[in-house]
Every structure is written in C-alpha cells, then in structure tokens.
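The values are calculated or read from the model by the stated rules, or taken from the named source; none is laboratory data. All of these numbers come straight from a predicted model, not from anything done at the bench. Please note: Cβ atoms are built from the backbone with ideal geometry, for glycine as well, and neighbour counts cover all protein chains shown.
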Amino acid sequence: MCGRFSLDRKAEAVQERFKVKISPELSHSLPLFNIAPGQNAACIIGDELKLLEWGLAGKGVDGKSRSMINARSETLLEKWPFKTLADNRCLVIASGFFEWKTYGKIKIPFMHQLADHDLFAMAGLYEKEPGSDLLRFTVLTKPPGPQSARFHDRMPLILNQEEEKKWLEKPKISPSDLREWAESKEPDLHIFSVSPRLNKSFENDPALLKPEPFTVAEQLSLF
C-alpha cells in the first residue's frame, strides 16, 4: 500500500519537471514533508498542478465513513467506486514514500526514493465532492519489486515519463494497460531509515527525511 509520502521540493521544481501550470496559492503550499491520509497533496490534472485531499469518500458495510487512500491497479476496472472514476485520472507527485518495519512495539519508518533522487509521479484517481469544489484522490498500488517487498506486499504504481503522459491523455485505460503496469519492473530505489517522529502525521519539517540509522537496542532504550 501507500500510506504516507513526501514532496520535498517547491512548486517551481514540480513545474519544471512536469511542465504544468501552478497557481500563486499553491506555490506557497509546498514543500510537504509528511503527507498523510486526509491531508492535501500536489496532483496534476490535465496540465495543471492542484491541491487535492488524500482519500476518496466512501462507506463500509457497517455504514461508517471510510477514506479510500489506495486502489489496486489490477482490479481498478472491476470494483466500485474505482471503475466509475477510471476516466478521472491524475498524477500524484512525490519525492519519496514510506513503509515501516516493526520490531516488537517499535515502528521504524523507511524512506523509499528513486536512486537518482528525482521527483516521480504515482498513478491516481480523483473525485469531486457533489456541490463543492473539493477534490479527493486515491493512489494506485501494484505488487512490489524485490526492494520494496522487504517492507510491504504492495507498493505505489510509479509511472515513468512516457507512462505519465499516457495515464493523463489516453481516452480509455484497458485491463491490458493495467496488467502491464502492475507487472512492470520496480524502479531503482534508494531506501533508508528516518526519524520515528515521522510516525506522527502532524510533524512536517525537512529533518524528518534525513537518514537516521538505528539499532533495535538503541530504540528499545528509549522506552
């Protein structure tokens, strides 16, 4: 899955990499170092960078509200509500995503970046709140490659630059397209442990993303 990610660049860097329009308001909203469900993130719709809220609105079988933060790419065209949003495609912009390893009661976050530290785009879907301008998004996931499989049985669907264009511009996405992306090679990743402060979703500063080596003994000494 993808339950936390970061965008550690200013809006102008995103504009340069993806050649998109940005509003004056959004240019003051980045970077975002610790993006959690329910928070805003930078997404590209068409040729414009916008802030969208992470998590589609929905209800479970018990009638309680749910925030659908991820969608399986393999079954996207089969399951509600994702199949109804298949044409509402966006790019979710990130500089890294996080997964955790648990040692006893201790959860250590690990940053996953591209090996060249470039920005990247995760495939996403969005919805519009009825009677409102609010837009929400979900991140597509796929089976992990050998690097990320050490941390979780899912990973975000990261698109290369050719796929980014296809994802936004192709009129219809087919099951074969999704199968091809789900089976695509994992990008070369740089993975390292970071501060456990990142576990708190309200923390948001650049120090969260610095490598922080640890040993289990050291972490146990904090409790």
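Here are some notes:
- Odd one out for residue 80, checked against (1) aromatic (Phe, Trp, Tyr); (2) surrounded by 13 or more Cβ atoms within 10 Å (Cβ to Cβ); (3) at pLDDT below 95: (2)
- If you go through the stretch 157-171 and pick out every residue that is surrounded by 13 or more Cβ atoms within 10 Å (Cβ to Cβ), without any contact (Cβ under 8 Å) to a residue 60 or more places away in the chain and in a helix (DSSP H, G or I), you end up with 2.
- Residues of the stretch 172-218 that turn out to be among the charged types (D, E, K, R) and in a helix (DSSP H, G or I), as a count: 5
- Residue pairs meeting the criteria (Cβ under 8 Å; at least 6 apart or on separate chains; first touching a residue at least 40 places away in the same chain (Cβ under 8 Å), in the stretch 1-17; second among the charged types (D, E, K, R)): 1/154; 2/154; 17/118
- Any hit, the stretch 140-155, residues being in a strand (DSSP E or B) and surrounded by fewer than 17 Cβ atoms within 10 Å (Cβ to Cβ): no
- Residue identified as modelled with pLDDT under 95, surrounded by fewer than 16 Cβ atoms within 10 Å (Cβ to Cβ), assigned to a helix (DSSP H, G or I) and touching a helix residue (DSSP H, G or I) at 6+ places or on another chain (Cβ under 9 Å) among 25, 12: 12
- Qualifying position, being of a type in the set (D, E, K, R), within 28 Å of residue 172 (Cβ to Cβ) and either touching a Gly at 6+ places or on another chain (Cβ under 9 Å) or at pLDDT below 90 (or both), among 99, 53: 53
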